[in-house]
Amino acid sequence: MCPRGGVRVTEHVRVWGNVQGHDCCGQALLQIGINMMALPGGRHLDTIPLPGQRVHLMQVDSVQRWMEDLKLMTECECMCVLQAKPISLEEDTQSDVILAGGPGPGDPLQLLLKRGWVISTELRRIGQKLAQDRWARVHSMSVRLTCHARSMVSEYSTVSRSSSQEMGQIEKLLMEKCSELSAITERCLQVENEHVLKSMKACVSETLSTLGQHFGQLLELALTREVQALVRKINASDNIYITESTTGNLFSLTQEGAPLCRIIAKEGGVVALFKVCRQDSFRCLYPQALRTLASICCVEEGVHQLEKVDGVLCLADILTDDSHSEATRAEAAAVVAQVTSPHLPFTQHLGSFLESMEEIVTALIKLCQEASSGEVFLLASAALANITFFDTMACELLLQLNAIRVLLEACSDKQRVDTPYTRDQIVTILANLSVLEQCASDIIQENGVQLIMGMLSEKPRSGTPAEVAACERVQQKAAVTLARLSRDPEVAREAVRLSCMSRLIELCRSPSERNSSDAVLVACLAALRRLAGVCPEGLQDSDFQQLVQPRLVDSFLLCSNMEESFV
């Protein structure tokens, strides 16, 4: 029941669905109810009383009367829009309704993002239709593009502060180009000479390109102004609720892609967020601020700003302070993982990281050991995995801190290690540590060969592309780790005893076992050859002649072209 003594919307939906015999009817009426809550007679959908046993009859009568009354109810604006809609079988017209939707009033950021997406989509589609010489569609979409651009300029001027002179100039250029595009595409409809039409097509293409540039400049200027306002708000605020709301807006912007992350970094977003992370009064906002920082640091400008404000030192302080919540330390670990990512070339020059590396690595291992969830362990282990790429000293430090024991113990805890993504981080660390001689004895002592053997059988549970790729990485890195560790005869004999050679042969010969991954195949061939050098008696003659004796490239070609037989 509602607080006012009425019925929930979901209860009406249940009744309508049963009466009509189809769930979809209930959903359709629910949508009507959302958009038009007022019923005939001044009643509201959530305040219809329940008169005991006659509930179903009353509900049916109410709905029928409502539907009859709706036939007589119209809104002029809606009718005009509907009458102006073209009836077309073309696929691209199906999304016109989506494009016509505008953002809510009073929110300049959402207005810019939504209108920006609409206009970008229209520009892309016009380019596609132009390539197909579909001039009627090009013209109609050009007219619609002009309407969207004019709406964006008008609506943003209404909700934003006074426009700058530079923005005014670009707005004028944008609208001029929109008018020019509409005019030239209209003339193209009247041209029948193909030679003339071809020359005009080049002119349309150039106009479209220039229009796109003006639009990009205008959008970047407007977004920059809004980001500047958010950053100023964070810097000036000592109110926890205002800071939380503003930080949340910044985080939402980072999810729109790298260009916005660059704008935020350039306009002082990183500096403002670290200011939040250095104030005890904002402790409850640390996780949100750190999550936003991790997103911003996917771009070079973000990492440079982090280093300028001694961000690494701040992260080290948070990670080593046990008074901070686990969530806060996990988000700090996520920032460390981001700024040490081996996939980003600019992170390799983070000189300040080396000064705090020992403290950070120690804290991360402790976080892995005490993690209460798989997400926390994933973030901490990902940071450790990236650090092993970042500096060779980190590998020696990890061995000194008994990281192998901590990681292998965690593998038996389903609460911490429950996905191939987490096992990917663990086996990455093991693969990088295995280049050190001391690693082999630690692996033997902790029964690590058996764990690595299990990773060779990693299978996806959901079948999503991301999970399949993670499983391939786990298999590949497990084979690499095994090949490196098998330099030690004791590890090689233990691997043979656990039937690792049989599993490697299976991965080489059966494409489905490795998801037809060439990277896994190469790693398995290398590991098999290393084991065969220590224990050749574990191979059959055919396996030796095909997988070990030839050149690696010949064995690779043989296995990669192998087709499975289902006979």
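The values are calculated or read from the model by the stated rules, or taken from the named source; none is laboratory data. Here the structure is a predicted model, which is why all the values come from computation and not from measurement. Because the Cβ atoms are built from the backbone with ideal geometry, glycine has one as well, and the counts that use them run over all protein chains shown. Note: areas computed on protein heavy atoms with side chains; ligands, DNA, RNA excluded. Shrake-Rupley method; radii C 1.70, N 1.55, O 1.52, S 1.80 Å.
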Excluding ligands, DNA and RNA, what is the solvent-accessible area per residue of region 159-277 at a probe of 1.4 Å, expressed in Å²?
-> 52 Å²
Given the pairs LYS172/LYS275; LYS366/LYS477; LYS114/LYS177; LYS177/LYS198; LYS201/LYS266, which are separated by over 27 angstrom at their Cα positions?
-> LYS172/LYS275; LYS201/LYS266
In square angstrom, rounded to the nearest 10, how much accessible surface does MET453 have for a 1.4 Å probe?
-> 40 Å²
Signed unit charges on C-beta, dipole axis of region 293-442, positive-most listed residue THR328, LEU433, LEU315 = LEU433
May I ask you to order 302-315, 546-559 by the average number of other C-beta atoms within 10 Å around their residues, highest value first?
-> 302-315, 546-559
The summed charge of the ALA440 Cβ neighbourhood (under 14 Å; Lys/Arg +1, Asp/Glu -1) stands at -2
Provide the gained length on full extension for the span LYS172 to SER560, in nm with one decimal, where the gain is 0.36 nm per separating residue minus the Cα-Cα distance.
-> 133.8 nm
Do me a favour and compute the ellipsoid semi-axes for region 289-427 from its Cα gyration tensor, root of five times each eigenvalue, largest one first, whole Å.
-> 23, 16, 14
Between MET67 and ALA258, what length comes free when the chain is fully extended (0.36 nm per residue of separation minus the Cα-Cα distance, one decimal in nm)?
-> 63.9 nm
Cβ-Cβ FRET estimate between GLN540 and ASN515, R0 fixed at 30 Å, reported to 0.05 | 0.75
Test item: Cα-centred dipole of region 493-567, Lys/Arg +1 and Asp/Glu -1 on Cβ, debye = 300 debye
Solvent-accessible area, 1.4 Å probe, carbon plus sulfur percent, for region 230-331 | 48 percent
Charge-dipole axis of region 433-550 as Lys and Arg at +1 and Asp and Glu at -1 on Cβ define it, positive-most pick from SER502, LEU525, PHE544 = LEU525
SASA check, ARG405, accessible area w/ 1.4 Å probe, all protein chains in place, rounded to nearest 10 Å², comes out at 80 Å²
From the phi of every residue in region 460-474, what ³J(HN,Hα) in whole Hz does the Karplus formula 6.51 cos²θ - 1.76 cosθ + 1.60 yield, where θ is phi - 60° and glycine or proline is x?
-> x, 8, 9, x, 5, x, 5, 6, 4, 4, 5, 5, 4, 5, 4
Diffusion coefficient, µm² s⁻¹, Stokes-Einstein with Kirkwood Rh over alpha-carbon pairs of region 436-567 at 10 °C and 1.306 mPa s | 106 µm²/s
Loop-resident sites, region 467-567, for GluC sites (Glu not before Pro), counting at most 12 other Cβ within 10 Å (DSSP) = GLU563, GLU564
